[in-house]
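The values are calculated or read from the model by the stated rules, or taken from the named source; none is laboratory data. If you're wondering where the values come from, they're calculated on a predicted model, not measured in any experiment. Glycine gets a Cβ as well: all are built from the backbone with ideal geometry, and neighbour counts include every protein chain shown. Areas reflect the complete protein model, heavy atoms only, side chains present, ligands, DNA and RNA absent. Shrake-Rupley method; radii C 1.70, N 1.55, O 1.52, S 1.80 Å.
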Amino acid sequence: FTGATADKTGAFSQAQYGTLFLDEVDSLPIDIQTKLLTFIDNKKFRRVGEVREESIQTRLIFASGRPLEKLV
């Protein structure tokens, strides 16, 4: 993307074989929630600007400040 001058390891890549904690998941925009659900389903993601998918093994923990059952 415009302005990218170097590769950067993202949170999902850094969480390989570990745990990724995502707080306030209810505040994520719907389009990001959709991408997150796709990742949860197949454990694959694509970096910005890449054409190939990467697969990782990680444990995900989510938190929310609001009752998610009421938001659904």
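General remarks:
- Scoring LEU20 on the criteria (1) under 13 Å from the mean Cα position of the chain (by Cα); (2) at pLDDT 85 or above; (3) exposed (fewer than 13 other Cβ atoms within 10 Å of the Cβ) leaves a single failure, condition (3).
- TYR17 satisfies every condition listed in (1) at negative phi; (2) not in a helix (DSSP H, G or I) except (1).
- Qualifying residue in the stretch 27-49 (condition: under 18 Å from THR9 (Cα atoms), among the acidic types (Asp, Glu) and surrounded by fewer than 13 Cβ atoms within 10 Å (Cβ to Cβ)): no
- Residue within the stretch 59-71 that is open to solvent by less than 70 Å² (accessible area, probe 1.4 Å), hydroxyl-bearing (Ser, Thr, Tyr) and without any contact (Cβ under 8 Å) to a residue 60 or more places away in the chain present: yes
- Summed over the stretch 20-72, residues that are part of a strand (DSSP E or B), more than 29 Å from THR5 (Cβ to Cβ) and not hydrophobic (A, V, I, L, M, F, W, C) total 1.
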